[in-house]
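Have a look at the structure below, then the notes.
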Amino acid sequence: MASGIKVADSVLDVFNHMKVRKAQENKEEKKRRKKVVMFCLSEDKQNIILDHGKEILLGDIGTTVHDAYQHFVEMLPANDCRYALYDAFYDTKDTKKEELVFIFWAPDSAPLKSKMIYASSVDTVRKRFVGLKHKWQVNGLEDIKDRNTLADKLGGSDVVSLEGTPICQ
């Protein structure tokens, strides 16, 4: 079911910027790189837009944000839906990886109308995020609060650490 909702150009710009990592970035540019960004519906319910103030920059980690994953989980609204992009750094048994994860947050406590609009628009957003490998729908904190669940989505038992923190197998 299509909702007719459009993805704002600013959302696509953020996705493309997060997807393309620049090897020659200087230290200041790396600090401004987005680690997490959240998207929401516009007031008129016609567009998916940036959820202003709901982002974590790489430069925030270690200064204002101790644990990016935990901070992201705490940013999720308890009673409404959101889309998010999470730039995951993880180690497998063989290599280091960095991949984007698209997260559809639809808590059970969100209003039914909100869940319906977000659910009917999720494919529109994902289709615009060309090349995205990981998609995850989360319906409550119990599904996301433990970083092991994200590690499982990224590669299961092959993932040995996420964001520098060992994964308990």
When you check V36 against the structure, is it among the hydrophobic types (A, V, I, L, M, F, W, C), buried (at least 17 other Cβ atoms within 10 Å of the Cβ) and in contact (Cβ under 8 Å) with a residue 40 or more places away in the chain, yes or no? yes
Of (1) in contact with a strand residue (DSSP E or B) (Cβ under 7 Å, 6 or more places away or on another chain); (2) surrounded by 16 or more Cβ atoms within 10 Å (Cβ to Cβ); (3) at pLDDT below 95; (4) farther than 18 Å from F15 by Cα, D60 satisfies every one except (1)
Of all residues making up segment 30-69, the number that are under 17 Å from F89 (Cβ atoms) and not in a loop (DSSP other than H, G, I, E, B): 16
Somewhere in segment 115-138, is a residue free of Cβ contacts under 8 Å to residues at least 60 places away in the same chain, of a type in the set (S, T, N, Q), closer than 13 Å to Y83 by Cα and exposed (fewer than 15 other Cβ atoms within 10 Å of the Cβ)? yes
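Yes/no per residue for (1) farther than 16 Å from G59 by Cα; (2) of a type outside the set (D, E, K, R); (3) at pLDDT below 95; (4) within 18 Å of the chain's Cα centre (by Cα):
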| residue | (1), (2), (3), (4) |
| --- | --- |
| V7 | yes, yes, no, yes |
| R21 | no, no, yes, yes |
| N26 | no, yes, yes, no |
| R33 | no, no, yes, yes |
| F39 | yes, yes, no, yes |
| Q46 | yes, yes, yes, no |
Hey, could you check segment 40-57 for residues that are among the polar types (S, T, N, Q) and surrounded by fewer than 17 Cβ atoms within 10 Å (Cβ to Cβ) and say which is farthest from S10 (Cα to Cα)? Q46
Can you spot a residue in segment 64-76 that is touching a residue at least 12 places away in the same chain (Cβ under 8 Å) and touching a Phe, Trp or Tyr at 6+ places or on another chain (Cβ under 7 Å)? yes
Name the helices (runs of 4 or more DSSP H) wholly inside segment 72-169 in which the number of residues that are touching a helix residue (DSSP H, G or I) at 6+ places or on another chain (Cβ under 8 Å), acidic (D, E) and within 25 Å of L50 (Cβ to Cβ) is 1 or more. 141-144
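The values are calculated or read from the model by the stated rules, or taken from the named source; none is laboratory data. What you are looking at is a predicted structure, and each value in this text was computed from that prediction instead of being measured. Every residue, glycine as well, gets a Cβ built from its backbone with ideal geometry; the counts of neighbours run over all protein chains shown.
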